[in-house]
Amino acid sequence: MKKPSLYLNDLLDHLDAVRDFTLDGRETFLLDRRTQMAVIRAYEVVGEIVKRLPQSLKDANPQINWKKLIGFRDFLTHNYEEVILQYVWNAVEDLPNLRAAVEAVLASLPDNDSQ
């Protein structure tokens, strides 16, 4: 298993990808299938990364709704035909809050877990 810091850095990388994919705003996201697919895939990976984090780290950081991130990943992966793009966009709008929370968790890790 990788160190939690490596997973959290991967998580930040994928959150940054979502940010980059959506710089042109909501309307572009809603009209551009390529952007939609890129964002959805990035959120699937986000959820997968969260699944791999140690439960103890998730338990110690309840300020992040880890279960919701995993559930979002599972829904996007297994119910692709039912995805409502506005819900995905809602996640995009909350991205700065999630990113800040993940950065705080990463900063709080003991030195022996940092790179």
Notebook entry, point to check: Considering only residues of segment 43-53 that are more than 13 Å from V105 (Cα to Cα) and either under 10 Å from the mean Cα position of the chain (by Cα) or touching a residue at least 24 places away in the same chain (Cβ under 8 Å) (or both), which is surrounded by the fewest Cβ atoms within 10 Å (Cβ to Cβ)?
Noted result: R52
Notebook entry, point to check: Mind checking which residues of segment 5-22 are of a type in the set (V, I, T) and more than 25 Å from S108 (Cα to Cα)?
Noted result: T22
Note to self: Looking only at segment 61-103, count every residue that is free of Cβ contacts under 8 Å to residues at least 12 places away in the same chain and either surrounded by 18 or more Cβ atoms within 10 Å (Cβ to Cβ) or assigned to a loop (DSSP other than H, G, I, E, B) (or both) and tell me the total.
What the structure shows: 5
Note to self: Please go through segment 76-115 and give me each residue that is modelled with pLDDT under 95 and acidic (D, E), ordered by number.
What the structure shows: E81, E82, D111, D113
Check: Of the residues that sit in segment 1-32 and are crowded, with 16+ Cβ neighbours inside 10 Å and free of Cβ contacts under 8 Å to residues at least 60 places away in the same chain, which one is farthest from E93 (Cα to Cα)?
Finding: Y7
Note to self: When you scan segment 23-39, do you find a residue that is in a helix (DSSP H, G or I), closer than 30 Å to L109 by Cα, among the β-branched types (V, I, T) and in contact with a Leu (Cβ under 6 Å, 6 or more places away or on another chain), even just one?
What the structure shows: no
Check: Does segment 33-42 include one or more residues that are loosely packed, with under 14 Cβ neighbours inside 10 Å and not basic (K, R)?
Finding: yes
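The values are calculated or read from the model by the stated rules, or taken from the named source; none is laboratory data. Just so it is clear, the model here is predicted, and its values are computed rather than measured. Note that each Cβ is placed from the backbone with ideal geometry, even for glycine, and that neighbours are counted across all protein chains shown.
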